Amino acid sequence: FKNVTASARYNYRDDKRRIASVFMPESIARTQSYTWALNNWHAISAAASYTHRTRDFADSSAQDTRTDLADLRLGYSPPHGGIRSNVYYQISNTQVARQEEVFLEVGEGEGNFRFNPNTNEFEPDPFGDFIRQIIATNDFIPVVELRFRTDLRIAPERFFSDSVTKPPKRALLRRILAPWTTETFFRIDERTTEEDVAKIYLLNLNFFQQDSTTQFGSIELRQDVHLWENSRKFSLRYRYRNRAEKNNQLIDGGQDRRVREQRLRLLNQFSPQVSTQLEFIHSEEDRLFQELTREDRKVRAEVMEMDWVYRPSQRVELGMKAQLGLNRDIIPDPATKANLISLAPRTNYSISETGRLRGELEWTKVFVAPKNRIIPFELTGGRRAGSSLRWNLGFDYRFSRNVQASMSYFGRNDPDRPQTQHFLKVEMRAFF
């Protein structure tokens, strides 16, 4: 068939080891591989492959191995473009090593984590004094791994004919649906020691993210609804996101993480020089630890963000980002409240096509109640109670096509630090 291609391959490998001028049997490996593809049949494209490999050892003390790998890709995209969808499915069986999380102390400002003695954990910090490393142990565990992705985009207007006059009802319906577009994304990742692999391969979600079998599992759903998505003057987007994650890979203990989020974003361009983005966010984040030394947290937040941009010319851009957040951790009784307000003016200046100068100042005020409560990182993004001030200045310049230079200066004054911190970095690059 002109739209279909297929292939099959079989490989037989007989390995022997030479001992005292005699070849002794070592192992026999058999591999079967199958592929199939469907190309642009009624707007459908698909590709599938399957590989099965066994290796049997002559030495009875050695463990025989079996490997399965299957991959499926499916796409649907009709010419009118009203709908577009893709499906990706992959399964395999492999071995994974238990992991150990290690934090190494480096010079101040050279790391990306810092230690918080109040919560007894390391927190992200772009100018911290620790770096994070994940070390694989020699404890290997055979697992079944599944990856599944699917996305669906719908533009209702494109289902209708280009004609706007015939018939009238059809033209009216097209005008009503014209501003709307939707996008749906769904993802599943699972690495598990479940022995009944068919339950995993057939996506029986009742056997996913189990404490006794799952090494790592994640299920995420994201739904976007757009109005006037491609309009530069005005657009609106609603996003719903739900993610559940279980991680039992670390030897120090596992954790469960759940995120539920709703966002409403509005973009408005008042003129070619002035534009504004408003975003309202309601989020719920739960982190539950098996390690007894770490405190669980359930964060609830309502956030309003505004980003104002003014471009008086092509070279100059002025901006102001403001944020108001009402945050609380509902596990303590009474709940820990950490409300914040933030203002961040910025500017960018372009020097023809050879360089750019940028600067930003951020002021944040955090109000905590009851006072002296420990603030988890997720509650305020790592900000402490009180006023924080941070500033950043950067300059990039290209002397020639092969020579570039950059300079960045960062400073901050945080309530939990006795002194103001300053970081300066200068870099020159030459390409040959």
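The values are calculated or read from the model by the stated rules, or taken from the named source; none is laboratory data. Note that the structure is predicted; figures quoted are calculated from it, not measured. No Cβ is skipped: glycine too gets one built from the backbone with ideal geometry, and neighbour counts run over all protein chains shown. Side chains are part of the model used for accessible areas, which takes the heavy atoms of the whole protein and leaves out ligands, DNA and RNA. Shrake-Rupley method; radii C 1.70, N 1.55, O 1.52, S 1.80 Å.
Annotation: of all residues in segment 351-374 being of a type in the set (A, V, I, L, M, F, W, C) and at pLDDT 90 or above, the one that is most open to solvent (accessible area, probe 1.4 Å) is F367.
Among the residues of segment 258-283, those that are open to solvent by 60 Å² or more (accessible area, probe 1.4 Å) and hydrophobic (A, V, I, L, M, F, W, C) comprise L264, F270, F280.
Where residues in segment 226-257 are of a type in the set (K, R) and either assigned to a strand (DSSP E or B) or under 20 Å from L152 (Cα atoms) (or both), which of them is least open to solvent (accessible area, probe 1.4 Å)?
Within segment 226-257, the subset of a type in the set (K, R) is 232-233, 237, 239, 241, 243, 246, 257.
Filter once more, so that each one left must be either assigned to a strand (DSSP E or B) or under 20 Å from L152 (Cα atoms) (or both): 237, 239, 241, 243, 246, 257.
Values: R237: 27, R239: 61, R241: 52, R243: 49, K246: 11, R257: 69 Å².
By that ranking, first place goes to K246.
Can you run down the residue pairs with Cβ atoms below 7 Å, 6 or more apart or on separate chains, where the first is in segment 49-60 and within 20 Å of Y88 (Cα to Cα) and of a type in the set (S, T, N, Q) and the partner is at pLDDT 90 or above and open to solvent by 80 Å² or more (accessible area, probe 1.4 Å)? What qualifies is S49/Y34.
What number of residues within segment 298-320 satisfy the criterion of being more than 30 Å from V259 (Cα to Cα) and of a type in the set (V, I, T)? Counting residues in segment 298-320 that are more than 30 Å from V259 (Cα to Cα) and of a type in the set (V, I, T) gives 2. If the condition is being part of a loop (DSSP other than H, G, I, E, B) and more than 17 Å from E26 (Cβ to Cβ), then segment 40-69 contributes H42, A43.
From the residues in segment 139-153 that are crowded, with 17+ Cβ neighbours inside 10 Å and at pLDDT 90 or above, which one is farthest from F208 (Cα to Cα)? Within segment 139-153, the match that is farthest from F208 (Cα to Cα) is R153. In summary, Q215 fulfils each of the numbered conditions (1) out of contact with any Phe, Trp or Tyr (no Cβ under 6 Å at 6 or more places or on another chain); (2) open to solvent by 50 Å² or more (accessible area, probe 1.4 Å) with the single exception of condition (2).
Quick one: which strands (runs of 3 or more DSSP E) sit completely within segment 271-378 and have at least 3 residues that are over 24 Å from N116 (Cβ atoms) and in contact with a Leu (Cβ under 7 Å, 6 or more places away or on another chain)? Reasoning before the result, please.
Values: elements: 274-289, 297-310, 316-329, 336-351, 355-369.
Answer list for segment 271-378: 274-289, 297-310, 336-351.
L326 falls short on exactly one of the conditions (1) surrounded by 17 or more Cβ atoms within 10 Å (Cβ to Cβ); (2) within 15 Å of G381 (Cα to Cα), and that condition is (1).
Residue-by-condition table, conditions (1) free of Cβ contacts under 8 Å to residues at least 12 places away in the same chain; (2) under 24 Å from E229 (Cα atoms); (3) aromatic (F, W, Y):
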{"position": "L266", "(1), (2), (3)": "no, yes, no"}
{"position": "F270", "(1), (2), (3)": "yes, yes, yes"}
{"position": "T276", "(1), (2), (3)": "no, yes, no"}
{"position": "I281", "(1), (2), (3)": "no, yes, no"}
{"position": "R294", "(1), (2), (3)": "no, no, no"}
{"position": "E305", "(1), (2), (3)": "no, yes, no"}
{"position": "S313", "(1), (2), (3)": "yes, no, no"}
{"position": "I331", "(1), (2), (3)": "no, no, no"}
{"position": "R358", "(1), (2), (3)": "no, no, no"}
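Among the conditions (1) open to solvent by less than 50 Å² (accessible area, probe 1.4 Å); (2) assigned to a helix (DSSP H, G or I), the only one that R170 does not satisfy is (1). Based on this model, can you work out whether A70 counts as within 30 Å of Q32 (Cα to Cα) and either open to solvent by 40 Å² or more (accessible area, probe 1.4 Å) or modelled with pLDDT of 85 or more (or both)? Criteria met by A70.
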